[in-house]
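Report on the structure given below.
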Amino acid sequence: MDFKYIDGFPKDFLWGASTSAFQVEGAWDKDGKGLTTADIRCSKKKDIQADASVAMDHYHRYEEDIALMKELGLKSYRFSICWARIFPKGNEKYPNEKGVGFYNNLINKLVENGIEPIATLLHFDVPMGIVNEYGGFLSRKSVDDFARYAETVYRLFGDRVKYWLTINEQGCMAMLPELVGLECPKEDMAKNLQQINYHMYLAHAKAVKLCHEIIPDGKIGPVVAYVTVYPASMEPKDVLAAKDVEDYMSFSAMDIYYYGEYPKYYEKYLKERGIFPVMHPEDKEIFKGSRPDFMGLNWYCTMAAKYYDGKSEAKVKNKDKVIAATEGLNVPGAFVIVKNDKLETTQWGWTYDPVGFRYGMKKCYERYRLPIMITENGWSQEDTLEEDGSIHDEMRCKYLKEHIEQMKLSINDGVEIFSYNPWSFIDVLSSSDGIGKRYGMVYVDREDFNLKELKRYKKDSFYYYQKVIASNGEEL
Ligand code: BG6
C-alpha cells in the first residue's frame, strides 16, 4: 500500500549496530577464557580461512571501537557475551574475574558514551568444557548451567544492561552439529539435534523468567533468523510450500517462544520421523510465564520455494535452479528452495529484496503483536581499501538506504519496530566464509592469512549511516 504521508521514526528509536563475540573479540585463550564450539569450528577451517584467535582484536581495541561508535552516532550496540569468558568451562562455581572485567569495561564505556548496550547471551559459542563433560546442550544439565550463567550476568551487568537477547538463531545452531559440539553416529544425528534444540528452548525460557525477576526494568527476547519466503509460482502447492518453509524454519521457533509449546504440525513432523525430543512433565511450568518482551529478528533476504514431490529426478532436472535444499526438511511432499530470477544477489547467493523486508515485518507483527528489534540486517561483499584510506561500498549504502526506507514504511504500517542494529558495526569474521566476506561499516585492515595492523577505516556506509542517525531517519 502506498500512503500520501509517511510517519517518521519515533524520537527514541534505537539506531544501533551489531557484532558477536567470537567474530570480533579475538583473544580466544586470554585471561582465562575457555574454548568454545565457535573457536573449534573456525580452527578446523584454518587452512582455508582465518580462525577466531585474533578476529578483529576488539578485545584489546574496544575503546577505539567505541570511539568510532560514538562518532557514528550509535544509540545502541548489540554485542554478545562469551559464556566461556565468564565461566571458562561453562559451569564453574565462581565466575572468571578477568572475563567479567572485560565486559564491565565494555559496558561502562558504552554507557559513558550514551550508547544503550544490548547483550546477547549466546551467539554460536557453547563452552567446550560442558561439551566435553556431558555433551553440552544434548544434556538437560546444560539448561541449569545456562540459567546460572544468565543469572550471573544479569546480577553483574543488569544495573546497566536493560536489553537482553537469549540465544542467537538457535534454529541454525540445531542444524549445524559443529555449532553445538555434537559428534555422534549419523543415524542418531537428527534426533540428537532435536533434543539439543529443545534444551535450548528450555534454557531460553528460564533465562527470560530470570531476567524479569532480577532486572525488573529489563526487556528480553530471542533472536530468530527470519527468511521471508515467496512461492515460486501461483501453483497452489507452491504457495503452500512457501508457507511451510517459513513455518518450519522460522515461525515454529517464534511460536514456541511465544506460546511455550510446539505447534501441532511441527510435533507431528518430528514424531513421524522418530525424532521428537524427550520432554519432562515439569517443563510446562518452565515455559509458563516465559513470553518474551519483543522479537529479535535477523533479517537479510528472501527465498523462493517450490513444492517437491520427493522424486529425486525432479531435483536433478532442476539442478541449476535449486540453490539450497533444506537438509532434513527436503522430504516428499515438502519443498525445495529455488532461485528467484527477479532478484539480484550477493556473490554468496543472498538476495537483495528491501520490499521483502517490509512484507516480512508485517507478517511477523500481525502474528504476535510483539515489538520487533532488528538484531541483524546487512550486505556482504569484498571491499577494497583505496590508497587514500577510503572504501567505496556503494552497494552496502544502497542496501542500508532501501532497507531503512522499507522499515520506515513498516512503522508507518503500524509495525512496532523500536531498534535497528545492522550487521555489522565493524568487519567481522564471517561465521561461514572468513574475512573476505565483509559486512561492516568500519573496515578492518587484515586478510585471512595476514593480520597486518588491524587498523580501522571508515567506509562510505559509515558516513551514510551517520547521516541517517543524525536526522533520525529523515535523510535517507
Ligand atoms: C547470522 C549470524 O546468521 O548471519 C551472524 O547471526 C553471521 O553471526 C551472519 O555472521 C552472516 O552470516 P555469514 O555466514 O555470512 O557470516
- Message: Would you calculate the convex hull of the Cα atoms in region 66-165 and tell me its volume per residue in Å³?
- Response: 92 Å³
- Message: What value in Å³ per residue do you get for the convex hull of the alpha-carbon atoms in region 28-73?
- Response: 93 Å³
- Taking the square root of 5λ for each eigenvalue of the C-alpha gyration tensor of region 254-293, the equivalent ellipsoid has semi-axes, largest first and in whole angstrom, of 21, 13, 6
- Task: Would you kindly compute the Cα radius of gyration of region 118-160 and its largest Cα-Cα separation (Dmax), both in Å?
- Result: 11.5, 34
- Query: What percentage of all Cα-Cα pairs in region 119-243 are separated by more than 22 Å?
  - Reply: 44 percent
- Item | Rel. contact order, % - alpha carbon contacts under 8 angstrom, at least six apart, region 378-476 | 30 percent
- Message: Quick query: amide H of Ile417 versus all other amide H atoms, modeled in the peptide plane; which residues come in under 5 Å with a sequence gap of 5 or more or a different chain?
- Response: Ile372
- Query: Taking the Cα centre of the chain as the origin and placing charges on Cβ (Lys, Arg +1; Asp, Glu -1), which of Phe418, Ile215, His392 is farthest toward the positive end of the dipole?
  - Reply: Ile215
- Binned Cα-Cα distances of region 1-154, short to long, each 5 Å bin given as a whole percent: 2, 9, 17, 20, 17, 13, 9, 6, 4, 3, 2, 0, 0
- Given charges of +1 on the Cβ of Lys and Arg and -1 on the Cβ of Asp and Glu, with all other atoms neutral, how large is the dipole of region 207-290 about its Cα centre, in debye to the nearest 20? 80 debye
- Query: Over region 366-476, one equal point on each Cα, no solvent: what is log10 I(q)/I(0) by the Debye formula at q = 0.14, 0.18, 0.20, 0.22 Å⁻¹?
  - Reply: -0.61, -0.90, -1.04, -1.19
- Part-to-part distance (alpha-carbon centres) for region 89-134 and region 397-476, which is given in Å: 24 Å
- Task: Take peptides 69-76, 446-453 and line them up by average Cβ neighbours within 10 Å, highest first, as a rough protection proxy.
- Result: 69-76, 446-453
- Task: Find the relative contact order for region 165-271 and round it to a whole percent, using C-alpha pairs within less than 8 Å whose residues are 6+ positions apart.
- Result: 27 percent
- Query: When only DSSP loop residues count, what trypsin sites (Lys or Arg not before Pro) in region 348-380 have their Cβ near at most 12 other Cβ atoms within 10 Å?
  - Reply: Arg369
- For the chain, divide the Cα radius of gyration by the Kirkwood radius and give the resulting Rg/Rh value with two decimals. 0.94
- State the extension gain, in nm to one decimal, for the chain segment bounded by Tyr94 and Trp348, taking 0.36 nm per residue of separation less the distance between their alpha-carbons. 87.2 nm
- Once you have the Kirkwood Rh of region 414-476 from its Cα pairs, apply Stokes-Einstein at 25 °C and 0.890 mPa s and quote D in µm²/s. 184 µm²/s
- Item | Magnitude of the charge dipole, the chain, Cβ model with Lys/Arg +1 and Asp/Glu -1, debye to 20 | 960 debye
- Item | Dimensions in Å of region 1-67 - Rg and Dmax from alpha carbons | 18.9, 58
- Task: In vacuum, with every alpha carbon of region 234-314 counted as one equal point scatterer, what does the Debye formula give for log10 I(q)/I(0) at q = 0.19 Å⁻¹? Two decimals, please.
- Result: -1.02
- Stokes-Einstein, Kirkwood over Cα pairs, region 216-268, 10 °C, 1.306 mPa s; D in µm²/s equals 126 µm²/s
- Task: Between the alpha-carbon centers of region 27-41 and region 185-213, tell me the distance in whole angstrom.
- Result: 22 Å
- What order do you get for 262-274, 143-155 when each peptide is scored by the mean count of other beta carbon atoms within 10 Å, highest first? 143-155, 262-274
- Task: Could you check the simple spin-label distance between Asp413 and Thr152, using points 7 Å along Cα→Cβ, in nm with one decimal?
- Result: 4.2 nm
- Return the percentage of antiparallel bridges among DSSP beta bridges fully within the chain, rounded to the nearest 5 %. 30 percent
- Message: Restricting everything to alpha-carbon atoms, can you work out Rg to Rh for region 339-380 with a Kirkwood hydrodynamic radius?
- Response: 1.05
- Item | Dipole of the chain [Lys/Arg +1, Asp/Glu -1 at C-beta], most positive-end residue of His58, Thr302, Tyr198 | Tyr198
- Hey, what number do you get for the chain at 222 nm if only DSSP H runs of n ≥ 4 count, each worth -39500 (n - 2.57), divided across all residues, to the nearest 500? -12000 deg cm²/dmol
- Task: Just the ratio, please: alpha-carbon radius of gyration of region 186-231 over 2.2 N^0.38 Å, N its number of residues.
- Result: 1.64
- With each label point set 7 Å from Cα along the Cα-Cβ vector, what nm distance links Glu267 and Glu402? 4.3 nm
- When ranked by the protection proxy of mean other Cβ atoms within 10 Å per residue, highest first, what sequence do the peptides 170-176, 79-85 form? 79-85, 170-176
- Entries of Lys141/Lys363; Lys206/Lys437; Lys162/Lys362; Lys89/Lys264; Lys33/Lys70; Lys45/Lys243 with Cα pairs more than 30 Å apart: Lys141/Lys363; Lys206/Lys437; Lys89/Lys264; Lys45/Lys243
- Would you mind computing, in nm to one decimal, how far apart the modelled labels at Lys452 and Val111 are, each placed 7 Å from Cα along Cα→Cβ? 3.6 nm
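Rule-based calculations on the coordinates, nothing more; no lab input. On a predicted model such as this, the values are computed, not experimentally measured, just so you know. Here the Cβ is made from the backbone with ideal geometry for all residues, glycine too, and neighbour counts use every protein chain on show.
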